[in-house]
Amino acid sequence: MPKHSRIFLLVLLLNTLLFPGVTSLQKAIVKKGELCLFFSKSFNESNVNHFTLKSPHREIYDFKNTRMAHKRVPLGLGPNVRLAQYKPNTVRVVITGYRSSKPIAYQPFFSNNEYHISLPKNSSVLPAKRYKKPTKLIQEPKSVRSNKYDLVVIDAGHGGHDSGAIGGGKKEKDLVLQIAKKLEKQLKQRGYPVHMTRKKDRFLKLPERTKIADKKNAVAFISIHANSVPKRKQNKIQGVETFFLQKTRDARSQRIAERENRSVLKGMNKLSRNVVIDSVLSGPKIVQSNKLAIDVQRRIMTNLHTRYKGVKDGGVRHAPFWVLVGASRPSILVEVGYISHPKERKRLFTPRYQELIAKGIAEGVDIYLNNRKKEIDL
């Protein structure tokens, strides 16, 4: 007996010992536009958890207290259906391709050990003989990996009367808009729809910026800024940093956040600000924002180091940036460099340097969203 077959049988044996009440999924076939599932014994519909995921649209069916009888069960179901042992006692079915129609799931009246799910129209099934060898059908088809539903909101910081940091006569608001436009182009080349909070020199209040991300149902909110330090430190501090929303005891991160928040928090006392920030620090958004920040920071530095030596990696940091408070989705703030540092400022206003930063951010977003899809799926 082949080694992989022995391993599979061992896993099934362990599952049987650990989960003695588990139902066995014996067979799965596509027939007359339906996915037909056959179980080893009478099946209870209460063990089915059905829900929907968007961007792209997927119908998910989790069969609790169920395991696959053998490794051939998921084979020959066509490109719209994926089936796998999601957990030791849960089989997951993922169906794509629905447009205007919705699936109908039911248990045949005279067959208590069956469960049927209607499939989208025009879904095809390849001949069974093409599936003699095990195939990794848990991977999504390329069509499902489309990014056309994953809208990203890009926020060029400051604007209008709020120039942001100034160094050597150069203004932060101009720099970040230049990079934001390059990032827009990079993301669109990868198939992502993009919305810019501003495309010209105008001022938006911070709540307006994050409100756009929610209204557009964006998958990510990217705010672009440039850093600055007092004159006595201008030749010492430089580098790229990516932030996500979180309170911090780090004095440097606090100072950066305070400078970015200053122009929009006039008249609001410290207690009021903390109440709002506290209200958004406990959700899954923070964890996902941290992951997004890590992927973006890593790709920015990788790209910059291919052409420029000595670019400092400031790492991923957290701070209470007000622009990140309002968005109920993964949100990060990228400090692309220190406009106060003479050498770094010169690079920052170079088209090639800006292009590498934009490319790094786009690659980081792409990596994060692909990993996120894998986490959500199987």
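Being touching a Pro at 6+ places or on another chain (Cβ under 9 Å), buried (at least 20 other Cβ atoms within 10 Å of the Cβ) and either aliphatic (A, V, I, L, M) or modelled with pLDDT under 90 (or both) is true for just one of L245, L206. Which residue is that? Walk me through it before giving the result.
Working: L206 fails: touching a Pro at 6+ places or on another chain (Cβ under 9 Å).
Selected residue: L245, the only one of L245, L206 that is touching a Pro at 6+ places or on another chain (Cβ under 9 Å), buried (at least 20 other Cβ atoms within 10 Å of the Cβ) and either aliphatic (A, V, I, L, M) or modelled with pLDDT under 90 (or both).
For (1) more than 32 Å from the chain's Cα centre (by Cα); (2) at pLDDT below 85; (3) charged (D, E, K, R), each residue gets a yes or a no:
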| residue | (1), (2), (3) |
| --- | --- |
| F8 | yes, yes, no |
| L18 | yes, yes, no |
| S40 | yes, no, no |
| F51 | no, no, no |
| N65 | no, no, no |
| P74 | no, no, no |
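Looking at region 356-371, can you tell me whether even one residue there is under 27 Å from K215 (Cβ atoms) and surrounded by fewer than 17 Cβ atoms within 10 Å (Cβ to Cβ)?
Scanning region 356-371, I find at least one residue that is under 27 Å from K215 (Cβ atoms) and surrounded by fewer than 17 Cβ atoms within 10 Å (Cβ to Cβ), so the answer is yes.
Can you name the number of the only condition in (1) closer than 22 Å to L369 by Cα; (2) in contact with a His (Cβ under 6 Å, 6 or more places away or on another chain); (3) not polar (S, T, N, Q) that Y61 fails?
(1)
When you check P141 against the structure, is it at pLDDT below 80, surrounded by fewer than 22 Cβ atoms within 10 Å (Cβ to Cβ) and over 28 Å from R352 (Cβ atoms), yes or no?
Working: at pLDDT below 80: yes; surrounded by fewer than 22 Cβ atoms within 10 Å (Cβ to Cβ): yes; over 28 Å from R352 (Cβ atoms): yes.
It is true that P141 is at pLDDT below 80, surrounded by fewer than 22 Cβ atoms within 10 Å (Cβ to Cβ) and over 28 Å from R352 (Cβ atoms).
Looking at Q186, Q238, which one is under 19 Å from R317 (Cβ atoms), touching a helix residue (DSSP H, G or I) at 6+ places or on another chain (Cβ under 8 Å) and not in a strand (DSSP E or B)? Talk me through it step by step, then tell me what you get.
On the way: Q186 fails: under 19 Å from R317 (Cβ atoms).
Just one listed residue meets the conditions, Q238.
Name the one entry in R329, R299 that is at pLDDT 95 or above and not aliphatic (A, V, I, L, M).
Going through R329, R299 in turn, the sole match is R299.
Could you list, in sequence order, all residues of region 210-228 that are in a helix (DSSP H, G or I) and either buried (at least 23 other Cβ atoms within 10 Å of the Cβ) or among the aliphatic types (A, V, I, L, M) (or both)?
Across region 210-228, the qualifying residues are T210, I212, A213.
Of (1) on the phi < 0 side of the Ramachandran plot; (2) touching a residue at least 60 places away in the same chain (Cβ under 8 Å), S55 satisfies all except one. Which?
Here S55 meets the rest and fails (1).
Considering V73, V81, V48, which residue is crowded, with 20+ Cβ neighbours inside 10 Å and farther than 23 Å from S100 by Cβ?
V73
The values are calculated or read from the model by the stated rules, or taken from the named source; none is laboratory data. Remember, it's a predicted structure, so these values are computed and weren't measured experimentally. Positions of Cβ are generated from backbone atoms using ideal geometry, with glycine treated the same way; all protein chains shown enter the neighbour counts.
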